[in-house]
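The structure appears right after this line, and notes come after that.
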Amino acid sequence: MQKQISIANDIYLIGVNDRRTALFENLWPIPHGVSYNSYVIRDEHCALLDTVEFGSEGSYLDRVEEILDGRPLEYLIVNHMEPDHSGEIGSVLRRYPQVTIVGNALTKKMLIAYFGDVSSNFKEVRDGDTLSLGAHTLQFFMTPWVHWPETMVTYEQSAKVLFSADAFGTFGTTDGAATDAETDLSVYVEDMRRYYSNIVGKYGAMVQKALAKLGGLEIGTLCPLHGPVWRRQAGEVIALYDKWSKGEADDAVVVVYASMYNNTAHMADYIATRLKQRGVADVRVYDVSKTHVSYLISELWRCRYVVLGSCAYNGDMFPAMEHLCSSMIHYGLKNRELALFGSCSFGGGGVRALKKFAETIGWNLMCEPVEVTGRATRENLEKFLPLADAIADRVLLGK
């Protein structure tokens, strides 16, 4: 049996590390794994807050029972119905058939879809409602579309703990560090931004509404459903979500290119080299065919200045670049500065398609796009000098 992890007085974490799953949601690579968190409050009336993915922890209910220490489980709080957090609800209902499930109206509909009729066990709560467990009082706040429509959060008033569902979560296992007393935000910030941008990023406006709603609470501890519990750095984590959901970015340049025979790749390197020569400190270059799109989306969230280059492919942009562009239109990220370049062998099409993307997404073009025909000769590379200098001026001088 694993050691009990106390978050606050009679509030416990049950954390599960998943290093087997290769793709989160069968889509996003998780080379550092992912964790699933569930919480138990032991009181006059005991409560379990969310569960974990089914089968990810063979002794899950035994761990719950050890924390309860002979007390009955009276409440199951369901903040989020996604299966990596609701997967063990069926097991809980079989072990504790009299448990009262607490959720909102939409939660109930989803529960019925996944686990059958739970009407006799269900207690519906609305925005601001409270539930007394004895020494602990829970207050519920609806946070729809952060990032599912039924999502809510639970605030424990005495210890000032926010059980925040998927908000403030991150990819990456905890590796023995269940709280930020044992680790640091710097270890997780890259995985946290990739988690936010790919999973939650589309709903930035709803994140802003949720932050405004919760702004009056004194939050001492964040208990997300993925990653460490944040206490020492809770304010910093909330500030990152505020920044990312507003679309704010660093003064950094990301160059993403699509190249079949290395000509466009050489052009990307020429642009990056010139930017560095001009004194631009933070420049990253990526091959769209080699780097998974989730990492590129995360970098576009981080960097204010975006440079996209594509060879021509069947009269259009390269397919992997097209996928990245369509993803960004889907996410609706705003407030980026854009530059476009590319190469072709005869009729072109890559840069022409990138121009259409620019018109659709509405990002500001820092300069006229540049497209050359043929190899990356010295003469052709020098045609990108004005583009690189225009980007450098924008970054360094704000022109």
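Open to solvent by 10 Å² or more (accessible area, probe 1.4 Å), under 30 Å from Ala212 (Cβ atoms), without any contact (Cβ under 8 Å) to a residue 12 or more places away in the chain and within 17 Å of the chain's Cα centre (by Cα) - does that describe any residue in the range 238-258?
yes
Considering only residues of the range 220-237 that are among the aliphatic types (A, V, I, L, M) and in a strand (DSSP E or B), which is surrounded by the fewest Cβ atoms within 10 Å (Cβ to Cβ)?
Selected residue: Leu222.
Residues in the range 67-77: is at least one of a type in the set (Phe, Trp, Tyr), touching a His at 6+ places or on another chain (Cβ under 7 Å), closer than 21 Å to Glu156 by Cβ and in contact (Cβ under 8 Å) with a residue 40 or more places away in the chain?
yes
What residue, of Gly33, Gly55, Gly116, is over 26 Å from the mean Cα position of the chain (by Cα) and over 24 Å from Tyr155 (Cα atoms)?
Of the residues listed, the single one that is over 26 Å from the mean Cα position of the chain (by Cα) and over 24 Å from Tyr155 (Cα atoms) is Gly116.
Being under 23 Å from Asp251 (Cβ atoms), open to solvent by less than 20 Å² (accessible area, probe 1.4 Å) and touching a strand residue (DSSP E or B) at 6+ places or on another chain (Cβ under 7 Å) is the filter here, so list the residues in the range 358-399 that pass it.
Scanning the range 358-399 gives Ala358, Trp363, Phe384, Leu387, Ile391.
Return yes or no: is Leu217 open to solvent by less than 10 Å² (accessible area, probe 1.4 Å) and assigned to a loop (DSSP other than H, G, I, E, B)?
no
Taking interchain pairs and intrachain pairs at least six residues apart, which have beta carbon atoms under 8 angstrom, with the first residue in the range 1-15 and farther than 16 Å from Glu182 by Cα and the second at pLDDT below 90 and of a type outside the set (Ser, Thr, Tyr)?
Here the result reads Tyr12/Gln4; Ile14/Glu57, each pair linking the range 1-15 to a residue that is at pLDDT below 90 and of a type outside the set (Ser, Thr, Tyr).
When you go through Tyr270, Tyr295, Tyr313, Tyr331 one by one, which is the residue that is touching a Leu at 6+ places or on another chain (Cβ under 8 Å) and among the hydroxyl-bearing types (Ser, Thr, Tyr)? Steps first, answer last, please.
On the way: Tyr295 fails: touching a Leu at 6+ places or on another chain (Cβ under 8 Å); Tyr313 fails: touching a Leu at 6+ places or on another chain (Cβ under 8 Å); Tyr331 fails: touching a Leu at 6+ places or on another chain (Cβ under 8 Å).
Just a single option satisfies the conditions, and that option is Tyr270.
May I ask you to say which residue of Asp269, Asp316, Asp287 is free of Cβ contacts under 8 Å to residues at least 60 places away in the same chain and either open to solvent by 70 Å² or more (accessible area, probe 1.4 Å) or closer than 21 Å to Met366 by Cβ (or both)?
Asp269
Sort out which residues of the range 290-308 are more than 13 Å from the chain's Cα centre (by Cα), in contact (Cβ under 8 Å) with a residue 40 or more places away in the chain and open to solvent by 10 Å² or more (accessible area, probe 1.4 Å), and write them in order of number.
His292, Arg304, Tyr305
Just checking, which of Leu354, Leu333 is buried (at least 19 other Cβ atoms within 10 Å of the Cβ), in contact (Cβ under 8 Å) with a residue 60 or more places away in the chain and more than 23 Å from Gln277 (Cβ to Cβ)? Outline the logic, then answer.
On the way: Leu354 fails: in contact (Cβ under 8 Å) with a residue 60 or more places away in the chain.
Within the list Leu354, Leu333, the selection yields Leu333.
Output the residue which, of all residues in the range 99-130 that are modelled with pLDDT of 95 or more, assigned to a loop (DSSP other than H, G, I, E, B) and at negative phi, is most open to solvent (accessible area, probe 1.4 Å).
Result: Arg126.
Is it the case, given these coordinates, that Leu211 is under 30 Å from Leu333 (Cβ atoms) and within 17 Å of the chain's Cα centre (by Cα)? Steps first, please.
Details: under 30 Å from Leu333 (Cβ atoms): yes; within 17 Å of the chain's Cα centre (by Cα): yes.
The answer is yes for Leu211.
Based on what the data block shows, is Ser186 out of contact with any Lys or Arg (no Cβ under 9 Å at 6 or more places or on another chain), outside any helix (DSSP H, G or I) and open to solvent by 60 Å² or more (accessible area, probe 1.4 Å)?
When the stated conditions are applied, Ser186 does not pass them.
Residues that are surrounded by fewer than 21 Cβ atoms within 10 Å (Cβ to Cβ), at least 2 per element: which strands (runs of 3 or more DSSP E) completely within the range 1-68 meet that?
Qualifying strands (runs of 3 or more DSSP E): 5-8, 11-18.
The values are calculated or read from the model by the stated rules, or taken from the named source; none is laboratory data. Because the structure is a prediction, the values reported are computed rather than measured. Glycine also receives a Cβ, built like all others from the backbone with ideal geometry; neighbour counts cover every protein chain displayed. Heavy atoms of the whole protein, side chains included, go into the accessibility calculation; ligands, DNA and RNA do not. Shrake-Rupley method; radii C 1.70, N 1.55, O 1.52, S 1.80 Å.
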